[in-house]
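S.K.: Here it is, the structure, as C-alpha cells.
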Amino acid sequence: MDGLNTGYAALLLEQYLDNPTAVPAEWRELFESAPPELLSAQPGLARLLEGAREAGNGHVQVASPEPVAPVADHELVGGVAAAMALVKAFRMHGHLAAHLDPLGSEPPGDPALEPERLVPKLTPELQARIPASLLRLHVAGETLAEALPHLRETYCGTMAYEIEHISDHEERVWLRQAIESGRYRQPLDAAERTTLLARLARVEGMEQYLRRAFLGQKQFSIEGVDVMVPMLDEAIELASTGGAHEVVIGMAHRGRLNVLAHVVGRPYEVILREFEGERTIEAVVSSEEGGTGDVKYHLGAEGTRKTEAGEITVTLASNPSHLEAVDPVVEGRARAEQTDRSTRDGYHDPTVALPILIHGDAAFTGQGEVAETLNLQGLAGYSTGGTLHLISNNQVGFTTDPEDSRSTRYSSDLAKGFDIPIVHVNADDPEAAISAIRLANAYRWRFGHDVVVDLVGYRRHGHNEQDEPAYTQPLLAAAIAEHPTVRELYAARLVAEGVVPQARADELVGEVQAELKAAHEELKRTFGVEPEIAPVEHRLPATSGSIVHTAVPADRLRDLNDQLLRVPEWFTPHPKLMKQLERRRETLDQGGIDWGQAEALAYASLLVDGIPVRLTGQDTERGTFAHRHAVLHDVHTGATFTPMQHLDEAVASFEIHNSPLSEYACLGFEYGYSAAAPEALVLWEAQFGDFVNGAQIIIDQFISAGLSKWGETSRLTLLLPHGYEGNGPEHSSARLERFLQLAAQENIRIVNCTTSAQSFHLLRRQALDATARPLVVMTPKGLLRMKQASSTLDDLAAGEFRPLLDDPTADRERTTRLILCSGKIYYDIAGHERRGEAEGVAVARLEQLYPFPVKQAAELVRGYPNLRELVWVQEEPQNMGPFRAIRHRLEEAKPEGVPLVYAGRPWRASPSEGYPTAHLREQDRIVRAALGI
Ligand SMILES: Cc1ncc(C[n+]2csc(CCOP(=O)(O)OP(=O)(O)O)c2C)c(N)n1
C-alpha cells in the first residue's frame, strides 16, 4: 500500500463524487463498494483505505494518475484537499464576497473563502506548491498561488454566480468552465465601448429630459439600472444571431419608457405626445369601441430592429399594473411564435423566439406568479426553450427595504429551486453586465433552460417622480445623491483609458438632449394634428356579425368519428375504455352523442378545415370527469396515442396537454398564446370552475379589459365546469356572476349550453367567427353523459348555436307562467317528478348569457300571449349567478304588468351547501317554487 494516503484518496473521492467516471475504474469500484458513512468524512476514508490494505486489496495500489502531489509530503497532500475545499467554496459561496452593490456596501464574505482559515492553513508557500491542474480549475495560473487572484476576481468581483445548486452535472461543469475561462467576459474593443457609452448617454439623457420637461409626471425612471438597455440590445443581437425572428419582452413600469424608445424603437415624438396628455393608440382602440386606453407605461409595442444577422421583431407585451402578471402571457406569446401549427403534427422550434422577462426585485420574490411561471419552463406543453430573466434590482420596492420584503438573501433565490443558474452583476460595471447577457445567452442556447441575471443597481429617484425617497430611505437617498451616474463613471473610465476624448464624452449627452428638444418643439408646433403612427397590427376583426357555418355534413362526421376510434396495430388501449369509446359508433345512428363525442367531432372537423386547436388544463387529456379520453394509454407499454393527431385530412395541429396545478400562470399562458395565434382555437379548462378565481388577475386585467385598454383580444375559450350537484361550496360554482360583471361592450362571450349539439356548434362558431372574442363556457358535469342532454347526428349536421331555446312542448295559448333558466337546472325542472302537476308552465333556456340575446328574448316572450308571470330560475344564490346581471334584460323582455319572479337560492355568503341532503332539499325547493307546486 505504499503511496496510499488519505489526502490523495480524498482528492479522488472529491472527483468521484463530482463525476464517477472521472476516476480510475479500480477507485470507482472501491468507492462504490464502500458504505456511505465512510465516504462522508476524512476518518471514514482512512478506515476505508485501512480496510482495503488489510484485505490485501491490491487493485487500489495503482500508480496514482498524473499529475500527483508528492505523496511523501504529508502537508502538501493535506494542502491539496484544503485547496479543493477552497475552490469549491469560491464556486459555491464566492458571491458572498462579491462587490455587487454600486453604492459600495461591503459584502458579508465567508470564512470558507479565506485560505488562512483552512486546515491546513493555505500559506502562500503551500499555495505555490499546489498545482492548479489538480484542482480542475479553468482560470489562468500554474499553481494555486497564481490561480487564486483570478479565482477571486472571477467569483468575487462585480459579477457573481450561483450555479452549484443545479442538479445536472453537465450543466454545472459547462457553467464552471464558461465562467472561469472568461469565454464570455472577453474585453470589449474600443468601438464597442464607445457604443456602450453612447447608449448609456442616450438612456440617461432621455430620463433627464423628460423629468425637466414634465415636472412631476410619472416616468418610473430607469436611472440606477441604466445598463438594462444595452443589455437588452445585446440579448436581441445574440438572439438574432442564433436565428430568432422575434424577441418577446415582458416588463413592469420601471424603465419601460426607456425600453420602449430605445429597445423597441417607439419614436420620441410619440412618447412626448403621451406626456403632453394625448392618446396615441387611436389606431388600436377606436372611440366607437369605447376603449379606455391605458397609461403610457403599460402600453405594448412592436418594432423591427436591424441586427448583424438581419431584421428581428421586438415585441413588448402590454401589461397591467399587477406586477408579474404578464410573465406567463409573454411565455404563451413566445410559445405561439415558436410553434408551426400549419401541419397535422405541429412543430415547436424554440430558436424562433426569445422570451425576456424583466422583474422588479421586490416583485420577483413577493409575487407567487413568478414561481408558477418558472415551473412552466421544463414542461413539454409550455417550454419556450429557456427564458432570459432580468431582475432590475434597485434594492427597494416602492418604500420597502429588502429586509422587510423577503426572507431570502437575494431577490433571485426562488429561481434556485428550479435548477436555474443565477448571474449577479453590479449595474455600475456595464461591461460586466454585457458579459452576463453573453453567458446567459450561451447557456440558454446550449441547454434550453431559463437563466436569471440579477442586475444590482439602485433607484436614483423616488418610486415615481412625485415621491421623495429621503422621507423613507434617507441614508440611501443621500448616498445616491453623492453617487455619480453610470454614464459618468463609464465616461471617466474610457477617458482615463484613452478610449474616448473628454469632449466627445460630453458631446454624447448634449446630442440626446438636443434630439429630444427638437422632437418636442416640432411636436408643440404641430400640436393637435394627429400623429403619424404606423397602424399597429392588431387582431380586431374587420367584420362582425357575419354568418358562420357550424354544421358539418353527416358523411364527414361519420368519417371523422371512425378515424377517432382508430388505433395503430402496435397499440393496445385499455379494453374497457375502448368498449366505452366504441359506443360512439352507434350513437351516430341511434342518437345519444354525448358531450365528449360532440367535442371531439367539433375539434376534428376544425382540424380538417385548417384551424389549429390547443387544449390545456388540469387532467384535461382524460378530462376531470373522464368524458374526454383524448389521449389513450397502451396497457402493456404505457405509450400514448392521440387519435386526434392522426386524422387523415387534418391540415392543422392539435395540441393537448395536462397542465401543472396552476390557474394563474396557466391561464395567463393561454391568454398570451391565443393573442399571438389569432387563427387558432385555444382552450383552457379548469378542473372545476370554482378554481378559476385563482387566475382572477388574468381575467380582470387581460381577458376582459385587454380590448378596451390595449386593443388586444383573442379567441381564448375557458371551459369551466359549473353546476350544483351536492359537492359543496368549492365544487359547484365557476362564479358566473364575476364574468357577467366584467362583460361590457361585447368584450367577451358567456355561455352555458344544455345539449351536446349546442356545445358542438358553439365551439365551431368560436373558432370560425370572423370576430375574435374570448369565450367563457360554464361546462356541465352530470350533463356530460345525461341522455336527455345528448344529441343526434342530425343535430350536428344541421343548425347552429342558438342563444335561447324555447320549450318545444309548450302549449302557447295555455301557458301563463314562463320559466326562464340557464344550464343544468333546466333538467331538474323539466324532469321533476311533479312536473306534470304544473299546468300552463313552459320552460325556456337562456344558453348565451352575454351578449344577452335581446331580440330573441323579446320574441320568445311574445310567443306566449297569455303570460301572467315570468320566472327566472337559478341554482346559484340570488347575489350570485346571472340574476343581478340580467335582471334589467328580463324586465325589458317581459310584457308590461307581468311580474318578474325570482326562484333560486337566497342571498348567501357561500355558494352552496356542504351537505348532500341539504343540497337535494334546496334543489327540490327551488324547482317546486319555479313550477309553483
Ligand atoms: C400585484 C401588485 N401589488 C402591488 C402593486 C403596487 N406597486 C407598484 S410598484 C411596487 C413596488 C415594486 O417594487 P419592485 O418589484 O422592486 O420594482 P421597482 O419599482 O423597485 O422597480 C408596488 C408594491 C402592484 N403594482 N402590483
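The values are calculated or read from the model by the stated rules, or taken from the named source; none is laboratory data. Small disclaimer: the values here were computed from a predicted structure and weren't measured. Note that we place each Cβ from the backbone using ideal geometry, even for glycine, and neighbour counts take in every protein chain shown. The area values use the complete protein model at the heavy-atom level, side chains included, leaving out ligands, DNA and RNA. Shrake-Rupley method; radii C 1.70, N 1.55, O 1.52, S 1.80 Å.
S.K.: Gap in Å between the Cα centre of the stretch 752-777 and the Cα centre of the stretch 841-876?
M.R.: Taking the Cα centre of each part, the stretch 841-876 and the stretch 752-777 sit 20 Å apart.
S.K.: Work the Kirkwood hydrodynamic radius out for the stretch 536-637: mean of 1/r over every pair of different alpha-carbon atoms, inverted, in Å.
M.R.: This gives a value of 15.9 Å.
S.K.: Describe numerically, in nm with one decimal, the distance between label points set 7 Å from Cα along Cα→Cβ at Ala128 and at Glu582.
M.R.: About 8.7 nm separates the two model spin labels.
S.K.: Then there is this: Using a cut-off of 10 Å between beta-carbons, work out the net charge of the residues near Thr624 (Lys and Arg +1, Asp and Glu -1, Thr624 not included).
M.R.: Here the count lands on +1.
S.K.: On alpha carbon coordinates alone, what is the Rg over Rh value for the stretch 112-217, Rh being the Kirkwood radius?
M.R.: 1.20
S.K.: When Rg is the radius of gyration of the Cα atoms in the stretch 670-799 and Rh is its Kirkwood radius, what does Rg/Rh come to?
M.R.: That ratio is 0.98, to two decimals.
S.K.: Next up: Taking square-rooted eigenvalues a ≥ b ≥ c of the alpha carbon gyration tensor, is the stretch 602-675 rounded, prolate or oblate, where a/c under 1.5 means rounded and, failing that, a/b exceeding b/c means prolate?
M.R.: Note, shape of the stretch 602-675 comes out oblate.
S.K.: Pick out, from Ala676, Leu647, Ser704, the residue whose Cα sits farthest towards the positive end of the charge dipole of the stretch 598-750, with +1 on the Cβ of Lys and Arg and -1 on the Cβ of Asp and Glu.
M.R.: Ser704
S.K.: Please list, in chain and number order, the residues 5+ apart from Ile750 or on another chain whose amide H is under 5 Å from its amide H, with Hs placed from the backbone.
M.R.: Close amide H contacts, sequence-distant or interchain: Val776, Leu849, Tyr850.
S.K.: I'm checking a number: the convex hull volume of the Cα atoms of the stretch 628-743, normalised per residue, in Å³. What is it?
M.R.: Taking only Cα atoms, the stretch 628-743 has a hull volume of 140 Å³ per residue.
S.K.: Using θ = phi - 60° and the Karplus curve 6.51 cos²θ - 1.76 cosθ + 1.60, what whole-Hz ³J(HN,Hα) does each residue of the stretch 293-310 get, with Gly and Pro shown as x?
M.R.: x, 8, 5, 5, 8, 10, 5, x, 6, 10, x, 10, 10, 8, 10, 4, 8, x
S.K.: First compute the accessible area of the stretch 121-249 with a 1.4 Å probe, then give the percent of it belonging to carbon and sulfur atoms.
M.R.: 53 percent
S.K.: Name the residue farthest towards the positive end of the dipole of the chain from the options Thr526, Thr472, Pro882, assuming +1 on Cβ of Lys and Arg, -1 on Cβ of Asp and Glu, about the Cα centre.
M.R.: Comparing the listed Cα positions along the dipole, Pro882 ranks first.
S.K.: What does the charge count near Leu793 come to, summing +1 for each Lys or Arg and -1 for each Asp or Glu among other residues with Cβ under 9 Å from its Cβ?
M.R.: Net local charge, Leu793 excluded: -2.
S.K.: Starting from the stretch 825-856, pick out the trypsin sites (Lys or Arg not before Pro) whose DSSP state is loop and whose Cβ has at most 15 other Cβ atoms within 10 Å.
M.R.: Passing both the DSSP loop test and the Cβ count: Arg834.
S.K.: For the stretch 819-923, which chymotrypsin sites (Phe, Trp or Tyr not before Pro) are in a loop by DSSP, counting at most 16 other Cβ atoms within 10 Å?
M.R.: Qualifying residues, ordered by number: Trp907.
S.K.: How many angstrom separate the Cα center of the stretch 797-840 from the Cα center of the stretch 309-380?
M.R.: Going from one Cα centre to the other spans 47 Å.
S.K.: Amide H of Ile130: which non-local residues (sequence gap of 5 or more, or other chain) have their own amide H closer than 5 Å, using H built in the peptide plane?
M.R.: Residues meeting the criterion, in which the H sits 1.01 Å from N, are Leu144, Ala145.
S.K.: Within 15 Å, Cβ to Cβ, of Gly782, how many net charges do the neighbouring residues add up to if Lys/Arg are +1 and Asp/Glu are -1?
M.R.: Combined, the nearby Lys, Arg, Asp and Glu give 0.
S.K.: How do 491-502, 682-693, 122-133 rank on mean C-beta neighbours within 10 Å, highest first?
M.R.: The densest-packed peptide leads the list: 682-693, 122-133, 491-502.
S.K.: Here's another thing I want to ask about it. As I understand it, the dipole of the chain uses +1 on the Cβ of Lys and Arg and -1 on the Cβ of Asp and Glu, about the Cα centre. Which of Gln580, Leu455, Ala34 lies farthest toward its positive end?
M.R.: Gln580
S.K.: Residues with amide H under 5 Å of Thr779's amide H, sequence separation 5 or more or different chain, H placed in the peptide plane at 1.01 Å from N; which?
M.R.: Counting only residues 5 or more places away or on other chains, the set is Leu720, His722.
S.K.: Can you give the convex hull volume per residue for the Cα atoms of the stretch 722-876, as a whole number of Å³?
M.R.: 132 Å³
S.K.: Report, in debye and to the nearest 20, how large the dipole of the chain comes out about its Cα centre when Lys and Arg carry +1 and Asp and Glu carry -1 on their Cβ.
M.R.: In total the dipole reaches around 2640 debye.
S.K.: Moving on. Relative contact order of the chain: what whole-number percent is it, with Cα pairs under 8 angstrom and at least 6 residues apart?
M.R.: Answer for the chain is 10 percent.
S.K.: Counting only helical runs of four or more DSSP H residues, what would the 222 nm mean residue ellipticity of the chain come to if each run contributes -39,500 (n - 2.57) and the total is spread over all its residues?
M.R.: -11500 deg cm²/dmol
S.K.: Over the Cα atoms of the stretch 368-484, what is the Rg over Rh ratio if Rh follows Kirkwood?
M.R.: Checking Rg against Rh, the ratio lands at 1.03.
S.K.: Okay, moving on. Hey, can you list the DSSP H helices of the chain whose Cα span along the axis is 27 Å or longer and whose average Kyte-Doolittle score is at least -1.0?
M.R.: 74-93, 190-213, 502-525
S.K.: Counting residues in the stretch 845-903 as N, plug N into 2.2 N^0.38 Å and put the Cα Rg over that result.
M.R.: Compactness ratio reported: 1.08.
S.K.: Please state, rounded to one decimal and in Å, the Kirkwood hydrodynamic radius that the chain gives when every pair of distinct Cα atoms enters the mean of 1/r.
M.R.: The answer is 31.8 Å.
S.K.: What percent does the relative contact order of the stretch 230-349 come to when contacts are Cα pairs within less than 8 Å and at least six residues apart?
M.R.: Value for the stretch 230-349: 32 percent.
S.K.: Using the 2.2 N^0.38 Å rule of thumb for compact globular proteins, work out how the stretch 220-366 stacks up: its C-alpha Rg over that value, please.
M.R.: In units of the 2.2 N^0.38 Å rule of thumb, it is 1.09.
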